[in-house]
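Okay, so here's the structure we're looking at.
Read-outs: derived from the displayed coordinates by stated rules, not from any lab. What you are looking at is a predicted structure, and each value in this text was computed from that prediction instead of being measured. Neighbour counts are summed over all protein chains in view; Cβ atoms, including those assigned to glycine, are modelled from backbone coordinates with ideal geometry.
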Amino acid sequence: MSSVDIHNLTDKQKTKAIADLRAALGPGNEKHDDRELLRFLVARSLDIPATTQMFQNYLKWRQESPIANPPLPTVDGNPLQTCVRGFQTVPDGDWDINHPLTPEKFKKFYPNMGGGCFHKFAKDGMPVFIERTGLHDVKGLAVNCSEETMIDWHVRNQEFIFEILMKEASQRSGKVIEKHYVIFDCTGLGFHQFSMTGIQLLRAISTHDSLYYPERLQKLFIVNTPGLFARAWGIIKPWLDKGTLEKIVILGSSREDVTKSLLEYVDKDSLPEFLGGSCTCSHMPGGCVPSPYLEEKAKAKKK
């Protein structure tokens, strides 16, 4: 797996690697731009045979998988599949679970989700995705969501950020943006959520991204981790390649440490208040990152 830093490659190295890959792929590769090919090359440490196989597998997936080219949220009336805050091309909105085009299989696991949101931009112009990982009803997800369904939902959101939100990010910053930041907030994480089935769902997503969406992650912050996180991390860490591990920052429950680390990358007014910023998104129900799980609990209490 990747041990190459794209920033350390010279223009000559990039040009040669791309030319070699195009030669190996043969006719028809012209429709794929250099940046796309370079992401796959970096993922395979510039190994041409390995990259060729990886890219051919990717093309096969695109052509044959029923979930590889999903309806894009906000395009042709398709509903959002997660929340959005702070973009211009897409108005602030929430996962429209009651929309007639929302698949029934997604509605089943919606109440079990802790909450997630594409929330504004980092200082370098890259989009930021925030997930309230500690609020997931993991055991409920394991019951109501198959691996295939979870990957289908994940792919729709991946395509949404890469095809729509990153295009806005590129226009906004005046440079090509093709990566994003992710923040997993583990506040609320407890033993009651520890589930091997849930961990396998996470592994399936991780594997899928490494095969079909390589080099899309700029940095992953896992914050407000409790002591038991070490147990889960011990299971998860071996799946990840060196390149991915180098992009992960794990922080405990010290608010000072979490805030200091996140504010190095995200401006205070773009970071939610619960992570040490000043943003509340008070104009939207549920604020910056609404939680379906908390919404369902609140409804249950009223009954």
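Every helix of 4 or more DSSP H residues in the chain counts as -39500 (n - 2.57), and over all residues that averages to -12500 deg cm²/dmol at 222 nm. Listed as lacking a disulfide-compatible partner in the chain: C145, C186, C279, by the criterion of no other cysteine Cβ under 4.7 Å. Of the trypsin sites (Lys or Arg not before Pro) found in segment 161-191, those that fall in a DSSP loop while having at most 16 other beta-carbon atoms within 10 Å are K175.
Near the amide H of I248, within less than 5 Å, lie the amide hydrogens of L220, all on another chain or at least 5 residues away, with H placed in the peptide plane. Straight Cα distances below 23 angstrom link K60 to the lysines K31, with same-chain residues fewer than 8 positions distant left out. The GluC sites (Glu not before Pro) of segment 209-281 meeting both criteria, a DSSP state outside H, G, I, E and B (loop) and at most 11 other C-beta atoms within 10 angstrom of the site's C-beta, are E264. Restricting attention to the chain, close to 25% of DSSP beta bridges with both partner residues there are antiparallel. Of the two radii for segment 192-303, the radius of gyration is 1.00 times the Kirkwood radius, both from the alpha carbons; that is the Rg over Rh value. Springs join every pair of Cα atoms under 10 Å in this Gaussian network model of the chain, and among P285, P71, P27 the largest mean-square fluctuation is at P27. Computed over the chain with a Gaussian network model linking Cα atoms closer than 10 Å, the most mobile of K123, K260, K31 is K31. Value of Rg to Rh for segment 6-64, rounded to two decimals, is 0.95; Kirkwood radius and Rg both from alpha-carbon coordinates.
Rounded if a/c is under 1.5, else prolate if a/b is larger than b/c, else oblate: which is segment 83-302, with a ≥ b ≥ c the root eigenvalues of its Cα gyration tensor? Rounded is the answer for segment 83-302, as its axis ratio a/c remains below 1.5.
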